[in-house]
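To keep things clear, I will list the structure first and then write my remarks on it.
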Amino acid sequence: MKILHRFQTASVLAGLLVLALTLSLHATTSGPANSSAITPTAASSSGTPVGGAASQAGATSSSATPSSASDQQAVLAPINAMFAAMSKHDAAALKVPLLPGGTMVLMRNGTPHQMTFDAFADIIAKPGKAQIEERIHDPLVRIDNDLAVVWAPFDFLVDGKVDHCGTDLFNLVHTEGKWLIASVADTGRKECGK
């Protein structure tokens, strides 16, 4: 069990490292005026933003191709399916876009709350009177072959009103012809829209 926990922790940390490097490259190539903007940005297959540091330095790669809008939509599809299942409190549908054995780390007030996807599905399956909905916006999508990372601000609504907001980080893998969410990390705060 300790080995699995270490692997899962390493997976989340690897995703965060990829995100940090990506954002660093994005900030370097975007200039100060756009450094805090979060927009879907095309990336080469190596993960470097098109027109980024590698191309500015004159480096080229014959295998590097920009990810298309359809590639990015394919990566976002399991995330949207997860959100739809959450709003319906449908545990079976929730598990469809998730890699079995995957985990979540939800940061709340500086404290990480870890759980498996199965435990999360159990929570979602509990009937409730409140209508829940999660919405992401301005996703930053990075794809490298069969690995993808999505970083996006989100709003979590309860009965149509924002309950909390933060940032979602999804690590996805492409296996058996489809994208699956391998891990999720997020932040959460009550001070939204200020």
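Mind checking the full-extension length gain between Val162 and Ala84? Use 0.36 nm per residue of separation minus the Cα-Cα distance, one decimal, nm.
Extra length available between Val162 and Ala84 comes to 26.4 nm.
Explain nothing, just compute: Karplus ³J(HN,Hα) = 6.51 cos²θ - 1.76 cosθ + 1.60, θ = phi - 60°, for every residue of segment 122-139 in order, whole Hz, x for Gly and Pro.
Taking θ as phi minus 60°, the curve returns 4, 5, 5, 5, 5, x, x, 7, 6, 8, 10, 7, 10, 10, 9, 9, 6, x Hz for segment 122-139.
May I ask you to derive the FRET efficiency for His137 and Thr175 from their Cβ-Cβ distance with R0 = 35 Å, giving the value to the nearest 0.05?
Once rounded, the FRET efficiency stands at 0.80.
In segment 125-194, which GluC sites (Glu not before Pro) are in a loop and have at most 10 other Cβ atoms within 10 Å, using DSSP for the loop call?
Glu176, Glu191
Excluding residues fewer than 8 places away in the same chain, name every one of the aspartates and glutamates whose C-alpha is closer than 20 Å to that of Lys126.
Leaving aside aspartates and glutamates fewer than 8 places away in the same chain, those within reach of Lys126 are Asp90, Asp118, Glu134, Asp159, Asp163.
Would you list, by chain and number, the aspartates and glutamates whose Cα falls below 15 Å from the Cα of Lys178, excluding same-chain residues fewer than 8 positions away?
Asp71, Asp144, Asp146
Where a number appears in this text, it was derived from the coordinates with a stated rule and is not lab data. Just so you know, these numbers come straight off a predicted model, no measurement behind them. Neighbour counts are summed over all protein chains in view; Cβ atoms, including those assigned to glycine, are modelled from backbone coordinates with ideal geometry.
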